[in-house]
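K.L.:
This is the structure, below, for whatever I ask next.
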Amino acid sequence: MLSALSRTLLSAARVAASRPPAVLGSLGTVRSFTRSLWVPGGTSSALRPTFLYPYRGFPAVSCGCGGLHTEGDKAFAEFLNDEIKEEKKIQKHKSLPKMTGGWELEVNGTEAKLLRKLAGEKVTVTFNTNNSIPPSFEEETQEGQKAEENEPDLVSTPNFVVEVTKQDTNETLVLDCHYPEDEVSRGEEEEESDLFAIREVSFQPTGETDWKETSYTLNTDSLDWALYDHLMDFLADRGIDNTFADELVELSTALEHQEYIRFLENLKSFVKC
């Protein structure tokens, strides 16, 4: 009985396998559908409208890049062209400002490095202009004052890392510094206050590109003020003081604005082609 049933099922499977798709469709066991959006129509084909693909005329490609070009892209490129002209018009520094104190500047994209050699020491300051402009809060426009005149200047205040290396030592003193927002805003009012602050201090192996996470890191939030003041004096003796911090802001602002204009130019070229 069981073997007869098995032979019946096997025979049915063989018959189904030998039948053409049209026959399988009539049995209701297989649903066939087309993935193509093109419907044959004699010698030509047309785009079949669907819910996801309604009839829409795409603009012709006018260049050899093979990219999509729309009226929105054209308007976007025109806007970017005007924006680039305006940014170049208000660009304060056509060339990068110099740092006093004999600092050598190395720039790699958005990252900049300042180097200075003293007697038996090498001091390096590294900073990145990305995300270095603090958010601006719109202020109410005073009566009789234009909105453009009320807009604050964009200033780049990057975090920066100071590395001090002495000869014949295998460790480098690393100080992670930043610009506190309250100090930057009132820097002109209180000349005695520091424009920057030390956030963390640690020793790292000299010459290592990757710092060890196992190295002890001193956070200055709970640090004795006398020790903190000595650390600030240590930096000032190596030329990293309020004058340096002020010049660093000017340099970083110029670098950031330069990169922003370059980004707009690249964006315009990308949109156009």
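K.L.:
If you check LEU195, LEU218, LEU255, which single one turns out to be touching a helix residue (DSSP H, G or I) at 6+ places or on another chain (Cβ under 6 Å) and not charged (D, E, K, R)?
P.N.:
Numbers: LEU218 fails: touching a helix residue (DSSP H, G or I) at 6+ places or on another chain (Cβ under 6 Å); LEU255 fails: touching a helix residue (DSSP H, G or I) at 6+ places or on another chain (Cβ under 6 Å).
The conditions single out LEU195.
K.L.:
Does GLU138 fit the bill of being under 29 Å from the mean Cα position of the chain (by Cα), of a type outside the set (Phe, Trp, Tyr) and either outside any strand (DSSP E or B) or modelled with pLDDT of 95 or more (or both)?
P.N.:
Working: under 29 Å from the mean Cα position of the chain (by Cα): yes; of a type outside the set (Phe, Trp, Tyr): yes; either outside any strand (DSSP E or B) or modelled with pLDDT of 95 or more (or both): yes.
Judged against the criteria, GLU138 is a match.
K.L.:
Return the residues of region 100-140 that are open to solvent by 80 Å² or more (accessible area, probe 1.4 Å) and in contact (Cβ under 8 Å) with a residue 24 or more places away in the chain; say none if nothing qualifies.
P.N.:
Once the filter is applied, which keeps residues that are open to solvent by 80 Å² or more (accessible area, probe 1.4 Å) and in contact (Cβ under 8 Å) with a residue 24 or more places away in the chain, region 100-140 yields THR100, LYS122.
K.L.:
Filter region 219-273 for residues that are outside any helix (DSSP H, G or I), under 16 Å from VAL161 (Cα atoms) and either open to solvent by 40 Å² or more (accessible area, probe 1.4 Å) or among the small types (Gly, Ala, Ser) (or both) and give the result.
P.N.:
Matches in region 219-273: ASN219, GLY239, ASP241.
The values are calculated or read from the model by the stated rules, or taken from the named source; none is laboratory data. What you see is a predicted model; the values in this text were computed from it and never measured. For neighbour counting, all protein chains shown are included, and Cβ atoms are generated from backbone atoms with ideal geometry for every residue, glycine included. Only protein heavy atoms, including side chains, enter the accessible area calculation; ligands, DNA and RNA are left aside. Shrake-Rupley method; radii C 1.70, N 1.55, O 1.52, S 1.80 Å.
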